[in-house]
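Computed from the coordinates by the stated procedures, all read-outs in this text should not be read as laboratory data. Owing to the predicted nature of the structure, the values given are computational and were not obtained by experimental measurement. Ideal geometry is used to build each Cβ from the backbone, glycine not excepted, and the neighbour counts take in all protein chains shown.
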Amino acid sequence: MFTFLHAADIHLDSPLKGLEAYQDAPLEQIRLAARRAFDNLVKLALDERVAFVLLAGDLYDGDWKDYNTGIYFVNRMGWLRDAGIPVVMVSGNHDAASQMTRLLKLPDNVTLFPHRSAGTLILDQYGVAIHGQSFSARSVMDDLARNYPQGNPALFNIGLLHTSLNGRPGHEPYAPCTIDALCSKGYQYWALGHIHQREEISRDPWIVFPGNIQGRHIRETGAKGCTLVSVDEGRVISVEERELDVLRWALCRVDPARCQSADSLCDLVRETLEEERAMADGRPLAVRLIVEGITVLHGDLHENALQWSEEFRAVAASLGDVWIEKVVMKTRKSALQQDKSADDSPLQTLLESVEALQFEHSALVGLVPEFEKLRTRLPSELLSDGDPFRPSDEELALLREEVKELLMAKIGQGVRHEN
């Protein structure tokens, strides 16, 4: 019997990519989060006395500013070498973009599979064959798994692969392959990387994306970590998720339907944040707060959105380790508050025009290269994985609603001032 760890998408020293623009962002905590989560991975390997550690790509995050990132990694691999724990890895798309990575001399307990063809590493002590191939460039559109060798029936076979599989939203379709093709290789476990959300694709054989070990922005919410696999007599007997993240991102939704005042809404926000904080097991929280639902406070929330945001930030600050990344207002008027304007009135016509506002991808495409010039200033959650500006349909819908509600609030203000 033996155990091993499967991790992926470490993104050591990933840049903040616009997070510094957010008010009161815990920049130092975010900057060091990936290293601290990786330390947790190494500690877990030592505590569990695992047979080996698998890293399924994107250890790094593109080119380094200096060698500090590589030196840090080599140092931590030394800890595992002293404990007799080998590390087996493949390069992913971000690793392939780094020039310095190719010059780094790895410790003798670390095996990096080549990129020219698939290779195999035999660990005789455990009766294990690990098969893998690294990315040769940032963008690999070939099916790498096609050329992986057939599994050795006398050994426990593991496929180590950085891939989009058959495609996942928010991730580029690198090294695509099919589940059937992976199953046909005769491996007992496929250790995948590239997708940042944990997902068990199959259990016969086991095909697993462990997700990344640390969320980096609001698109990467919830617990993050690695997979601990136990094997006995050539058969997987348990697959466990182990949390490693040191700072957690969360979407918190608040329904203000029963709130009649600022105090009651702030109390509800506090309760919601405290519940989320409890689920984070003491980790600092980075929260996007979404106030959503029908409420009598609708007009005030949109007319005085900045003031409300500051109120909510103050509530979060009072909890000590909670930071609000953004406040999103998605409220609606109650039935009693609906405008009674005549169908043909100028105000009603204006309101209907605002209601019909749309923002489409086609309109945005025409603004490139203007968007490209501003790309480095945009928050990372508006960007796909290193690719041109491409907000999702959900983000465009949210943008439309925010603009609509802002205009509606301003119109409402003007009407009241005239009266």
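If I take R0 = 22 Å and measure r between the Cβ atoms of E200 and L251 in this structure, what FRET efficiency does the formula 1/(1 + (r/R0)^6) give, to the nearest 0.05?
Once the sixth-power term is evaluated, E becomes 0.45.
Quick check: residue separation of R332 and A278 times 0.36 nm, minus the Cα distance between them. What number comes out in nm? Before the final figure, lay out the partial values.
Details: separation 54, 0.36 × 54 = 19.44 nm, distance 2.98 nm.
Between R332 and A278, full extension yields an extra 16.5 nm.
Under the classification rounded if a/c is under 1.5, otherwise prolate if a/b is larger than b/c and oblate if not, where does the range 190-304 fall, given a ≥ b ≥ c as square roots of the Cα gyration tensor eigenvalues?
Values: a/c = 3.28, a/b = 2.96, b/c = 1.11.
Prolate shape, in that a/c is at least 1.5 and a/b is the bigger ratio.
For R332, enumerate residues with amide H under 5 Å from its amide H, sequence gap 5+ or separate chain, H modeled in the peptide plane.
Under 5 Å from the amide H of R332 lie the amide H atoms of G293, I294, T295, each far enough along the sequence or on another chain.
Based on other C-beta atoms within 10 Å, arrange R49, R277, R288, R36 from fewest to most.
Taking fewest neighbouring Cβ atoms as first place, the list is R49, R36, R288, R277.
Collect residues whose amide H, placed 1.01 Å from N in the peptide plane, falls under 5 Å from the amide H of V140; neighbours closer than 5 in sequence don't count.
A175
Taking Rh as the Kirkwood radius, which is the inverse of the mean 1/r over Cα pairs, what is the Rg/Rh value for the range 248-336?
On the way: Rg = 12.6 Å, Rh = 13.0 Å.
Checking Rg against Rh, the ratio lands at 0.97.
I'd like the Karplus ³J(HN,Hα) series for the range 203-220: coefficients 6.51, -1.76, 1.60, θ = phi - 60°, whole numbers in Hz, and an x wherever there's a Gly or Pro.
Going residue by residue, I get 10, 8, x, 6, 10, 9, 9, x, x, 7, 8, 8, x, 10, 7, 5, 6, 10 Hz, with x marking Gly and Pro.
Starting from the range 193-274, pick out the GluC sites (Glu not before Pro) whose DSSP state is loop and whose Cβ has at most 13 other Cβ atoms within 10 Å. Please report the intermediate quantities before stating the final value.
Working: sites: E199, E200, E220, E233, E240, E241, E243, E271, E274; in loops: E220, E233.
Answer by residue number: E233.
If R0 is 60 Å, what FRET efficiency do you get for D300 and D108 from their C-beta distance, rounded to 0.05?
Once the sixth-power term is evaluated, E becomes 0.40.
Would you mind checking the pairs K105/K224; K43/K326; K224/K333; K43/K330 and listing those with alpha carbons more than 32 angstrom apart?
K43/K326; K224/K333; K43/K330, as the Cα separations exceed 32 Å there.
In Å and whole numbers, how far do the C-alpha atoms of the range 2-243 stretch along each principal axis, longest first?
56, 38, 34
How do K43, K333 rank when sorted from fewest to most other Cβ atoms within 10 Å of their own Cβ?
Values: K43 13, K333 16.
Sorted ascending by nearby Cβ count, the order is K43, K333.
If I model a spin label at A137 and R258 as a point 7 Å from the Cα along the Cα→Cβ vector, what separation in nanometres do I get?
Going from the A137 label point to the R258 one covers 5.9 nm.
Taking H placed 1.01 Å from N in the peptide plane, check which residues at least 5 places from A56 or on another chain put their amide H under 5 Å from its amide H.
It is A7, A8, D9, by chain and number.
Between M1 and D124, what is the spin-label point distance in nm, taking each point 7 Å from the Cα along the Cα→C-beta axis?
A separation of 2.6 nm, rounded to one decimal place.
For the range 182-191, just list the computed ³J(HN,Hα) in residue order, Karplus coefficients 6.51, -1.76 and 1.60, θ = phi - 60°, integers in Hz, with x standing in for Gly and Pro.
Each residue of the range 182-191 in turn: 5, 4, 6, 6, x, 8, 8, 8, 10, 9 Hz.
So what is the relative contact order for the range 177-225, in percent, with contacts set as C-alpha pairs under 8 Å and at least six apart?
The normalised contact order for the range 177-225 reaches 28 percent.
Determine ³J(HN,Hα), in whole Hz, for all residues of the range 240-256 in sequence, where each value follows from phi through the Karplus function 6.51 cos²θ - 1.76 cosθ + 1.60 and θ = phi - 60°; x replaces Gly and Pro.
With the stated coefficients, the range 240-256 comes to 10, 7, 10, 7, 10, 5, 10, 9, 10, 9, 8, 9, 10, 9, 10, 9, x Hz.
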